[in-house]
Each structure stands twice: as structure tokens, then as C-alpha cells.
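A short write-up of the structure that comes next.
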Amino acid sequence: MREQARMTGERILVVEDEENLSRALDYNLRQEGWEPVCVSLGEDALSLFKESHFDLVILDIMLPGLSGLEVCKRIRSLSDVPIILLTARSLEEDKVHGLDSGADDYMTKPFSLAELKARIRAQLRRRGYKGKLVRGEIEIDPSRLTVLKKGTPLSLSRKEFQLLLELASHPGEVLNANRLLSKIWGDSIIDEKTLQVHIRWLREKIEDDPSNPKYIKTVRGVGYKFEDQA
Ligand code: CA
């Protein structure tokens, strides 16, 4: 398959200044089929994180320069990516600070790589890591937040992606507009107009003819339906 080359595993950002551990992590994560990117400074981790997509972050607390906890807070302000903290200290206080900073899990050094890998898998699973959805010419990858149309990547905003995923996860089913609003926007006070605008943007990206959509159909007075056909 032509796509095979792109189908590497989840991208994992590893922020660890101990070279031996970093190398061991790189090797072990690759063996699992994941795609680690290792850096030793928090500053580098942040700039990398801002410019590309990662599925999970492994973050050492004790780093030279910007501390792991600070990096954790900043990443969390940008994204809900799973974060696993590593630390040499097992103080209760550190654990609390770590979790307060938005980390999802915590490992105290020295730890077993097998356990770390199990925890990575658990985090990826919890974040709904699942296989790709193929709907006609559209291919949606929930773990990488990517959408391809006839193999060409489309650029979708986070909300557009969530909306498409929700629709495409229920092919043929009429989804109520209010249900979509609360699912995608949560408790924010958003009116149906916002949903209509996002549907329009989505159609402009995925449909051949946005004014005559074949994937996302409007069901008047109710909501929208995703047609599973090409
Ligand atoms: Ca360290």
C-alpha cells in the first residue's frame, strides 16, 4: 500500500536529559512500533510540541533549565495530550505537584521499561486510540488527528476534526444538532449557528461540491447525517 510508509506508530515526545535513559527509551519505544522523538531540554520540547503533532509526552521532572513541571503546565495549556512524568524522587509532594500540573500518570525512577510501556498503552487506549475510519474517499485517523481524502491530507481545525469524527462514527444515523453541540463544545454557550458554520467549513474541505454534499447531509429541523458512500 502506498500509505504504508506514513503508517508508523504514535509519535511520542520524550524529554529526558539523562543520555543513557533517553537512548534506552528511544530503543524500547521503537521496538513497540511507536515513533519517539527525544530531546533533553524543556525549551526544545515546547517548541517541538508547538510545531508538530504528538500522541503522548514522556517528561522528566528534573531537567536543566525549564523544569519538567513547568513544561507540563505549558503543554497542558496547549493540548490534552497524555503526559507521563518521570522523576528520580518518590516524594508524595512531587507526585501531587505533577498531577496538579496536568500530568496523567507518574513513574518514579528507577522504573521498569515494561511497566512504562504498559502505562503508555493504557494512556493511548484511554484517549480513544483506535483504528482508522474509512468512509468512501475519506480516511480519518483518530490517534493522529489526520484526515486524508483520496490519500491527500486535509487541514482541519480541532473542532472540525471532532465534528467529522463524531459524524463519521455514526454513518447513516441522524445526529441531533443539540447533541452534536454538547458533544463537541461541551458546556460552552454556543448556538446552532456555530455548528452550521463548522459544518459549512467541513463540507468545503471534504466534499467535491460543498453545495451538493454527498457525505454530510442536512436533515432539516433535526441535525446532520453522514452518508457512508463514495
Ligand atoms: Ca533529569
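The values are calculated or read from the model by the stated rules, or taken from the named source; none is laboratory data. Source: prediction; values computed, not measured. Using ideal geometry, Cβ is built from the backbone for each residue, glycine included, and neighbour counts are taken over all protein chains shown. These area figures cover heavy atoms from the full protein model, side chains too; ligands, DNA and RNA do not enter into them. Shrake-Rupley method; radii C 1.70, N 1.55, O 1.52, S 1.80 Å.
Figures for the structure shown
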quantity	calculated
At least 20 Å along the helix axis (C-alpha) and Kyte average at least 1.6, DSSP helices within the chain	none
The stretch 34-186, accessible area per residue, ligands and nucleic acids excluded (1.4 Å, Å²)	47 Å²
Test item: Cα-centred dipole of the chain, Lys/Arg +1 and Asp/Glu -1 on Cβ, debye	940 debye
Gyration tensor verdict on the stretch 19-127 (Cα atoms; rounded if a/c is under 1.5, prolate if a/b is larger than b/c, oblate otherwise)	rounded
222 nm mean residue ellipticity, helices alone, for the chain (DSSP H n ≥ 4; -39,500 (n - 2.57); rounded to 500)	-12500 deg cm²/dmol
Of 50/73; 193/214; 50/214; 50/193, those spanning more than 23 Å from alpha-carbon to alpha-carbon	50/214; 50/193
Shape category assigned to the chain from the gyration tensor of Cα positions, a/c cut at 1.5	prolate
Accessible area, probe 1.4 Å, largest first, for residues 203, 179	179, 203
Test item: Cα-centred dipole of the stretch 75-208, Lys/Arg +1 and Asp/Glu -1 on Cβ, debye	420 debye
The stretch 2-126 - charge dipole about Cα centre, Lys and Arg +1 at Cβ, Asp and Glu -1, debye rounded to 20	460 debye
Heavy-atom accessible surface of the chain: percent carbon and sulfur, 1.4 Å	49 percent
Global form of the stretch 133-226, assessed from the alpha-carbon gyration tensor, a/c cut-off 1.5	prolate
